[in-house]
1. Can you tell me how many residues in the stretch A:78-113 are in contact (Cβ under 8 Å) with a residue 24 or more places away in the chain, among the charged types (D, E, K, R) and at the interface with chain B (Cβ under 9 Å from one of its Cβ atoms)?
2. In the stretch A:18-44, which residues are under 19 Å from A:Lys68 (Cα atoms) and not in a strand (DSSP E or B)?
3. Out of B:Lys49, B:Lys69, B:Lys22, report the one residue that is in contact (Cβ under 8 Å) with a residue 60 or more places away in the chain and not hydrophobic (A, V, I, L, M, F, W, C).
4. What number of residues within the stretch B:28-63 are at negative phi, open to solvent by 40 Å² or more (accessible area, probe 1.4 Å) and not in a loop (DSSP other than H, G, I, E, B)?
5. Can you tell me which residues in the stretch B:69-89 are closer than 14 Å to B:Lys109 by Cβ and part of a loop (DSSP other than H, G, I, E, B)?
6. Every residue in the stretch B:6-27 that is at pLDDT 95 or above, assigned to a loop (DSSP other than H, G, I, E, B) and either touching a strand residue (DSSP E or B) at 6+ places or on another chain (Cβ under 6 Å) or closer than 14 Å to B:Leu82 by Cβ (or both), please.
7. Could you go through the stretch A:36-50 and let me know if any residue there is more than 12 Å from every other protein chain (Cβ to nearest Cβ) and either touching a Ser or Thr at 6+ places or on another chain (Cβ under 7 Å) or open to solvent by less than 10 Å² (accessible area, probe 1.4 Å) (or both).
8. Report, by residue number, each residue of the stretch B:96-114 that is within 12 Å of chain A (Cβ to nearest Cβ) and part of a strand (DSSP E or B).
Amino acid sequence: DAGVIQSPRHEVTEMGQEVTLRCKPISGHDYLFWYRQTMMRGLELLIYFNNNVPIDDSGMPEDRFSAKMPNASFSTLKIQPSEPRDSAVYFCASRRFAGETQYFGPGTRLLVL
Amino acid sequence: AQSVAQPEDQVNVAEGNPLTVKCTYSVSGNPYLFWYVQYPNRGLQFLLKYITGDNLVKGSYGFEAEFNKSQTSFHLKKPSALVSDSALYFCAVRSGAGSYQLTFGKGTKLSVIP
């Protein structure tokens with residue numbers, strides 16, 4: 001199994017630009033999670049999906065952030081417009097419905113100038 | 001609400017010595033407990049978990065963790081540290097009673113000194 005796949009691995013953009021992060025979960029996994037990691041705040045859950053439906057988006061910092069999961073094998077996290085304080089590493093993770101363990105992707109390192 | 005505390009930001013240990021990374025938790029109901037490791041510029045890798053059963057759980061790379069219900073702890077241990085164990089370690093918890101959200105600790109940086 002290829003594991004959770006994220007793209008791009010690195011993204012540098014200017015303030016005000018739209019940023020789209022992509023995730024392909026492990027095949028057969030019903031849950032997908034988006035996390036953000038910073039030095040100051042550690043690992044934060046932003047949103048998670050079950051069977052492509054958003055279940056809890058209370059961790060999404062503000063309306064500039066949005067996430068979609070159009071099908072079982074693809075999800076996006078969009079920031080529009082981006083700001084320097086959005087600079088972080090964004091992780092996607094997935095797990096099976098009947099399983100307990102979440103598996104993480106390699107992350108996207110975002111730098112907003 | 002569920003929470004995890006990792007009281008040490010950093011742990012230093014000499015190569016070959018035993019290591020312990022501490023974790024305490026708070027959760028309603030039976031806890032599901034996890035340890036993950038993160039190497040520089042990498043994602044989190046699953047090490048081990050406790051769901052039920054034996055309080056001593058063995059995981060990847062020679063690591064083990066002991067679940068202590070009375071102390072609400074789940075400390076990570078290894079009998080003999082390797083330099084390659086140097087990384088950031090995260091403890092996580094979720095309630096077995098329906099919540100699918102993991103709550104992570106802040107992480108502990110382990111440095112194994114040659």
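The values are calculated or read from the model by the stated rules, or taken from the named source; none is laboratory data. Predicted model only: the values in this text are computed from it and were never measured. Methodologically, a virtual Cβ is constructed for each residue, glycine included, from the backbone with ideal geometry; neighbour enumeration extends over all protein chains shown. Quick note on the areas: whole protein, heavy atoms, side chains included, nothing else; ligands and nucleic acids left out. Shrake-Rupley method; radii C 1.70, N 1.55, O 1.52, S 1.80 Å.
1. So the count comes out to 2.
2. Just the residues of the stretch A:18-44 that are under 19 Å from A:Lys68 (Cα atoms), to begin with: A:18-36, A:44.
Residues satisfying the conditions are A:Glu18, A:Pro25, A:Ile26, A:Ser27, A:Gly28, A:His29, A:Asp30.
3. Details: B:Lys49 fails: in contact (Cβ under 8 Å) with a residue 60 or more places away in the chain; B:Lys69 fails: in contact (Cβ under 8 Å) with a residue 60 or more places away in the chain.
Within the list B:Lys49, B:Lys69, B:Lys22, the selection yields B:Lys22.
4. 7
5. Residues satisfying the conditions are B:Ala81, B:Ser86.
6. B:Gln6, B:Glu8, B:Glu15, B:Gly16, B:Asn17, B:Pro18, B:Lys22, B:Cys23
7. Start the filter on the stretch A:36-50 by keeping residues that are more than 12 Å from every other protein chain (Cβ to nearest Cβ), which leaves none.
No: zero hits.
8. Passing the criteria: B:Thr103, B:Phe104, B:Thr108, B:Lys109.
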